[in-house]
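Notes follow the structure.
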Amino acid sequence: MAAFARAPLPAADGAACREFLDALSAFARLHAVKMYRASVPLPEAVAVLPCLDHEAKLHEGTPPQAAAYIEDVDGGGLHEVVCVPSRRRIEVDVVSTAGEHTEASHARLVERLRGRFPGHRIVIDGPSWLRGDRRVVRACRARVSLREILTGRDFPGLYRAVDELRIISSAMEKQSRVASWSVRTVTGLLLALGGFLSYQVLDMLTGPIGSTAVQGLQYLTLGGLGAVFLYLGLKAVHLTEVSGRIWKRSAEYQLILRDRERLASAGPATLREPLAGAITITRRAEETAGVRR
């Protein structure tokens, strides 16, 4: 059987991502860049890692894109900005950098993005209750902050914090399994028992209150039991989602630390070599990188 050839990445997406990162470096410092099916050389030696959130999805509908953790040189706020070239879309993710910037810093960033990218749509990705964004943020920041991951020098201590975060996510995932299996095991039996008892007991009230009222009470009883078990099942699913996102966050932190540690051991003046098939860095990007260093 012939091997499937890997489809080449669109050159236009790589060029757009390069220009996007080049524009960001004019007013912010690049700390780390997440690539999703894009290969772009960087203007300075920063940590590079895959976008785990998109890589974990089992579909091919997500276009190539680049996300950057940046630090505002004016206020020192940390932000995550995502560029999706094929859709002319720039996303500002305020969840991953929650607690790392002020409202003024966020407003200044959005204003600069709109000024530098007038042809793009600027989208703010806020926290979602259904996805448990706030729970994920609280769990992660209780162990280690994003700023420590991006700028801290105590690598052994940071690795220990990331390991603790991963252990917590594993414990949450196991607890969600227990809750899920508990709901699956008892839901059918208790619903059947509740239905049987409700019909047997409530049928005795047919004479005093009438058959219509009794039938309504029976439907209400079964609906209430179903709603309770549905809530418990969704709670278990929600806990699984939160644990998975915490695990991905810890894996992302570990990848950043490994790359930062490698770059630190190689020396502060070392530039990252262009990736295979990538586009050559523009002269302005090189000069910007020299100023930032």
Odd one out for residue 143 among (1) closer than 23 Å to residue 53 by Cα; (2) assigned to a helix (DSSP H, G or I): (2)
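Only one residue in 210, 216, 226 is outside the structural domain of residue 97 (by TED's automatic domain parsing), in contact (Cβ under 8 Å) with a residue 12 or more places away in the chain, farther than 23 Å from residue 143 by Cα and not aromatic (Phe, Trp, Tyr). Which one? Don't jump to the end; show me each part of the working.
Working: 210 fails: in contact (Cβ under 8 Å) with a residue 12 or more places away in the chain; 216 fails: in contact (Cβ under 8 Å) with a residue 12 or more places away in the chain.
Step by step, each of 210, 216, 226 is checked, and only 226 is outside the structural domain of residue 97 (by TED's automatic domain parsing), in contact (Cβ under 8 Å) with a residue 12 or more places away in the chain, farther than 23 Å from residue 143 by Cα and not aromatic (Phe, Trp, Tyr).
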Segment 120-149, residues that are out of contact with any Lys or Arg (no Cβ under 6 Å at 6 or more places or on another chain), within 22 Å of residue 83 (Cα to Cα) and not aliphatic (A, V, I, L, M): 125, 126, 128, 133, 147
Residue in segment 89-111 that is at pLDDT 90 or above, more than 26 Å from residue 245 (Cβ to Cβ) and in contact with a helix residue (DSSP H, G or I) (Cβ under 9 Å, 6 or more places away or on another chain) present: no
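On the given criteria, is residue 237 on the phi < 0 side of the Ramachandran plot, in contact with a helix residue (DSSP H, G or I) (Cβ under 9 Å, 6 or more places away or on another chain) and surrounded by 17 or more Cβ atoms within 10 Å (Cβ to Cβ)? Even if it seems obvious, please write down each step before you answer.
Working: on the phi < 0 side of the Ramachandran plot: yes; in contact with a helix residue (DSSP H, G or I) (Cβ under 9 Å, 6 or more places away or on another chain): yes; surrounded by 17 or more Cβ atoms within 10 Å (Cβ to Cβ): no.
Spelling it out, it is not the case that residue 237 is on the phi < 0 side of the Ramachandran plot, in contact with a helix residue (DSSP H, G or I) (Cβ under 9 Å, 6 or more places away or on another chain) and surrounded by 17 or more Cβ atoms within 10 Å (Cβ to Cβ).
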Residue tally, condition within 16 Å of the chain's Cα centre (by Cα) and part of a helix (DSSP H, G or I), over segment 83-124: 0
Those residues of segment 86-127 which are surrounded by fewer than 16 Cβ atoms within 10 Å (Cβ to Cβ), among the hydroxyl-bearing types (Ser, Thr, Tyr) and under 19 Å from residue 146 (Cα atoms), in sequence order: 102
Failed item, numbered, when residue 246 is tested on (1) at pLDDT 80 or above; (2) in contact with a Gly (Cβ under 6 Å, 6 or more places away or on another chain): (2)
Hits in segment 135-145 - residues which are of a type outside the set (A, V, I, L, M, F, W, C), surrounded by 14 or more Cβ atoms within 10 Å (Cβ to Cβ) and more than 30 Å from residue 26 (Cβ to Cβ): 135, 143
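The values are calculated or read from the model by the stated rules, or taken from the named source; none is laboratory data. The structure presented is a predicted model; accordingly, all values stated were derived computationally and were not measured. Every residue, glycine as well, gets a Cβ built from its backbone with ideal geometry; the counts of neighbours run over all protein chains shown.
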